[in-house]
Amino acid sequence: MDSFLWFHLDSKADECFEKLYQYKQKIIMKKGLENNGSLKVIKVLVLLMIINQAMAVTCTGWCATCTTASYCLTCNYANMSATGGVCACDPGYRWSTGSTMCKPCNSPCDTCTSSSNCTSCVDVNMILSSGNCNCPNNYVNISDVCYLCVSPCATCSPSTTYCTSCVDTNMTRSGGVCTCNATYVNIGNVCQPCTSPCKNCSTTQTYCTSCVDTNMSASGGVCTCNATFVNISNVCQSCTSPCKNCITNKTTCVTCVDVNMTQSGGVCTCNATYVNISNVCQTCTSPCQNCQTTRTTCTTCVDVNMTQSGGVCTCVTGYVNISNVCQTCISPCQTCTTSRTNCVLCVDVNMTQSGGVCTCNATYVNISNVCQPCTSPCKNCTTNQTTCSTCVDVNMTQSGGVCTCNATYVNISNVCQPCTSPCKNCTTNQTTCSTCVDANMTQSGGVCTCNATYVNMSNVCQPCTSPCKNCTTNQTTCVTCVDTNMTQSGGFAPVMLPM
């Protein structure tokens with residue numbers, strides 16, 4: 001070691017001594033040296049003393065030891081170190097001329113020319129300006145260490161999370177906290193505008209907490225139009241009546257405004273028996289079962305015995321509308337009005353209606369509301385076909401419902417034929433006499449013959465002319481003579497017999 005030092009004293013004295021000094025300083029400042037380390041320190045110090053004495057150099061200024069008068073190896077003052085042969089206050093210290101000592105710089109100066117005039121700063125993130133050390137705008141000075149403000153703070157104080165300004169112009173600061181303004185959401189500390197229909201949102205741009213339309217409600221992050229509205233381009237449009245609630249557009253119904261409506265295929269229609277009048281279902285007026293346009297314009301009828309034509313329900317033939325119920329007309333009415341017995345038409349073609357009453361025509365009788373023809377010889381009859389009220393023949397007389405031919409007539413096929421003379425009255429036929437036209441006739445076996453002493457002359461009994469007692473053909477053609485003493489021969493006048 002000694003020979004090495006002496007060898008370099010001429011040409012590299014400065015370099016050698018600086019290295020020795022640095023070696024000494026490292027050893028001295030190293031803690032926990034073993035005994036042999038302490039011995040090395042002593043040796044070096046001894047060697048330095050020898051070198052100083054050998055060179056007999058007087059150090060100047062702040063040098064405690066030196067290689068030349070101005071090349072310091074060590075310095076006279078505490079908190080001062082020699083670097084490159086120059087003594088200067090250690091970092092964090094500055095020379096005080098008045099006190100002739102290195103006084104510490106006021107933090108945050110790392111080096112300084114005065115207590116508060118920094119020449120460098122303790123923190124690499126500090127900016128030195130006009131002798132002042134300050135943290136950049138997005139840092140905060142905490143115990144003279146610059147800490148980066150935590151986003152969303154753009155600037156902060158007194159902590160990294162207590163914002164004094166915000167990173168986003170769409171943020172507002174309150175109580176040291178930066179929050180996105182209404183209608184924005186914080187995504188990665190950038191305020192993103194909420195996506196319509198969100199007015200305000202959370203977590204994402206589409207998770208709504210309130211909605212752009214006052215007719216919307218947010219639930220589970222989703223804005224939906226309130227009942228009776230539909231979302232059209234994120235504007236809630238009111239459903240068009242008769243829609244109560246609608247989907248897709250204002251007229252595609254989901255539910256209907258009237259409880260008597262039914263929705264099918266997006267269309268609300270009134271239920272059966274109702275009609276839509278100004279989107280209110282009105283009950284059809286009886287006799288309408290179903291109706292359209294108005295309550296009284298029928299499409300179907302309440303009674304199966306009704307038919308609809310031109311929107312009007314009328315009872316079918318044979319029925320009458322009584323309190324909008326079709327009641328069957330009572331026979332003999334075929335059709336009726338007002339009541340079941342007030343006939344318009346009659347069930348039988350042989351009936352005639354007058355004043356709402358159906359009666360059988362002349363020559364007919366009503367039997368179970370069927371007009372049966374009166375049975376001859378009845379012209380008109382009552383109760384039944386054979387109970388006559390008038391007779392078919394003017395020569396008949398009705399009595400007790402029975403028509404009989406008048407005297408001198410006989411009923412042949414219900415036509416009164418006059419009895420043939422000499423019959424005054426006859427039976428069975430015109431020539432079967434029951435009585436005779438001439439009082440001098442006698443009927444026997446239906447035959448009228450003139451009594452004895454009479455002859456039938458044109459059905460008139462003429463008395464035989466005497467001497468004829470009985471005669472034939474004429475009054476003088478004798479059959480027998482008035483006198484027993486006479487003899488008739490050939491019908492001539494009798495000859496008197498000799499006495």
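Structure values in brief
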| item | result |
| --- | --- |
| Per residue accessible area in Å² of the range 259-372, where ligands, DNA and RNA are left out and the probe is 1.4 Å | 54 |
| Farthest positive-ward along the chain dipole, Cα basis, beta-carbon charges - from Q430, V259, I412 | V259 |
| Helix 13-29 vs. the chain, principal-axis angle (Cα, 0 to 90°, nearest 10) | 60 |
| Helical contribution to [θ] at 222 nm, DSSP H n ≥ 4, -39,500 (n - 2.57), averaged over the chain, rounded to 500 | -3000 deg cm²/dmol |
| Sulfur and carbon atoms: percent of accessible area, the chain [1.4 Å] | 53 |
| Acute angle (nearest 10 degrees) that the helix 35-55 long axis makes with the longest principal axis of the chain, alpha-carbon atoms | 50 |
| Accessible area (Å², per residue) of the range 57-127, counting only protein heavy atoms and a probe of 1.4 Å | 50 |
| Most positive-pole-ward Cα, G61, L128, T83, against dipole of the chain from beta carbon charges | G61 |
| Gain upon complete extension [V316, N125; 0.36 nm per residue less C-alpha separation] | 58.1 nm |
| For the range 142-205, accessible area per residue (1.4 Å probe, heavy atoms of protein chains only), Å² | 52 |
| Restricting the range 403-499 to chymotrypsin sites (Phe, Trp or Tyr not before Pro) in coil, as DSSP defines it, with at most 13 other Cβ within 10 Å | F492 |
| Debye, to nearest 20: dipole size of the chain, +1 on Lys, Arg Cβ, -1 on Asp, Glu Cβ | 560 |
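The values are calculated or read from the model by the stated rules, or taken from the named source; none is laboratory data. All values derive from a computational prediction rather than experimental measurement. Note that each Cβ is placed from the backbone with ideal geometry, even for glycine, and that neighbours are counted across all protein chains shown. These accessible areas exclude ligands, DNA and RNA; they are computed on the full protein's heavy atoms, side chains included. Shrake-Rupley method; radii C 1.70, N 1.55, O 1.52, S 1.80 Å.
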